[in-house]
Amino acid sequence: LIKKLSKNLIDSDAYSFLSNAIWRTSGNDDAISKGVRLGMMLGKKLKLRSEERNTKFSRLDSGKIDKRLIGSLGYGAERIFQQVLTDKYTPANVHISIDASGSMAGSRFSNCQTAVVAIAKAASMIDNLNIQISYRTTTGDKPIILIAYDSRVDSFRKVTSLFKHICASNLTPEGLTFEAIQNDLVTASGDSESYFINFSDGMPYCEPKGYAYYGESAIIQTRKQVDAMRKRGIKVLSYFIGGGEYGS
């Protein structure tokens, strides 16, 4: 589990899915720029999440005295109270986890980058929506997950400057990495909502040193981690990124 993406981490060449090589990152700038443009449009539509609407109800039997109605006392009008109902959106936290395995390379990964950049940009424009973005893959024989962006501590500039160095390579550790970030996910509560969004194009598969992770046992382990999220009130959405008749 790597909790912070930095330029020093990228320059270290310690992980194959982080690269400075132009031949690997040449198309990433366009995907990110497109995401920023879409995010600005989305952010304007989501501005209402930050707004509060107050509705005043007057001439009630209880509540706060409406000074404008005091003069009617003694003339048979005893309902001089008012109440104000404040309507606002519940704060929310969204964790987006992206499959960065080799089979995602190309348009699948570019489209995912555009989508998550757009969501992150929109969230940066409003007050009550936090976003975390993570990427999962393998390095050598180890499953790895990188929390690349956290709007609670990072500025959006980090997305535009560093995300172009993230590439798709290697295998698909899925539930192993979900288990690794359980303590970093935000639990839902009475005054806040929490979501986990998964982008993936395949089944769990990797071969950590000493054992194999695939087939039914890997599926069951992944399901167990998703069920653990749901028990904490986290709403889970999963999107299959495919080709052929499903598009990409």
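I'd like to verify a number: residues in the stretch 162-190 that are part of a loop (DSSP other than H, G, I, E, B) and touching a residue at least 60 places away in the same chain (Cβ under 8 Å), how many?
First, the residues of the stretch 162-190 that are part of a loop (DSSP other than H, G, I, E, B): 167-171, 173-174, 181, 185-188, 190.
Subset that is touching a residue at least 60 places away in the same chain (Cβ under 8 Å): 167-171, 174, 181, 185-186.
Count: 9.
Residue-by-condition table, conditions (1) in contact with an Asp or Glu (Cβ under 7 Å, 6 or more places away or on another chain); (2) surrounded by fewer than 18 Cβ atoms within 10 Å (Cβ to Cβ):
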| position | (1), (2) |
| --- | --- |
| D154 | no, no |
| S161 | no, yes |
| N170 | no, no |
| T177 | no, no |
| D184 | no, yes |
| F199 | yes, no |
| C206 | no, no |
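Within the stretch 10-35, can you find the residues that are open to solvent by 30 Å² or more (accessible area, probe 1.4 Å) and in a helix (DSSP H, G or I)?
D11, I22, W23, R24, D29, D30, S33, K34
Out of everything in the stretch 191-223 that is over 21 Å from I98 (Cβ atoms) and in a helix (DSSP H, G or I), what residue ends up being nearest to the chain's Cα centre (by Cα)?
Once the filter is applied, the top-ranked residue is I220.
Kindly establish whether K235 is assigned to a strand (DSSP E or B), open to solvent by 20 Å² or more (accessible area, probe 1.4 Å) and at pLDDT 95 or above.
Numbers: assigned to a strand (DSSP E or B): yes; open to solvent by 20 Å² or more (accessible area, probe 1.4 Å): yes; at pLDDT 95 or above: yes.
For K235, the condition - assigned to a strand (DSSP E or B), open to solvent by 20 Å² or more (accessible area, probe 1.4 Å) and at pLDDT 95 or above - is met.
Considering each of K158, K164 in turn, give the residue that is closer than 21 Å to G106 by Cβ and among the charged types (D, E, K, R). Reasoning before the result, please.
Values: K158 fails: closer than 21 Å to G106 by Cβ.
On inspection, the qualifying residue turns out to be K164.
Residue pairs, Cβ under 6 Å, 6 or more apart or interchain, first in the stretch 121-134 and touching a residue at least 60 places away in the same chain (Cβ under 8 Å), second surrounded by fewer than 18 Cβ atoms within 10 Å (Cβ to Cβ) and part of a loop (DSSP other than H, G, I, E, B). List them.
N128/P91
Let me confirm something: among V159, V116, V94, which residue is assigned to a strand (DSSP E or B) and within 18 Å of the chain's Cα centre (by Cα)?
Numbers: V159 fails: assigned to a strand (DSSP E or B); V116 fails: assigned to a strand (DSSP E or B).
When all the criteria are applied, what remains is V94.
Just need a number here: residues in the stretch 188-197 that are open to solvent by less than 70 Å² (accessible area, probe 1.4 Å) and farther than 25 Å from C112 by Cα.
Within the stretch 188-197, the subset open to solvent by less than 70 Å² (accessible area, probe 1.4 Å) is 188-189, 192-197.
If we keep only those that are farther than 25 Å from C112 by Cα too, we end up with 188-189, 192.
Here the count works out to 3.
The values are calculated or read from the model by the stated rules, or taken from the named source; none is laboratory data. Please read all numbers here as calculations on a predicted model, not as lab measurements. Backbone-built Cβ (ideal geometry, glycine too); neighbour counts: all protein chains shown. Surface accessibility is based on the protein's heavy atoms, side chains included, excluding ligands, DNA and RNA. Shrake-Rupley method; radii C 1.70, N 1.55, O 1.52, S 1.80 Å.
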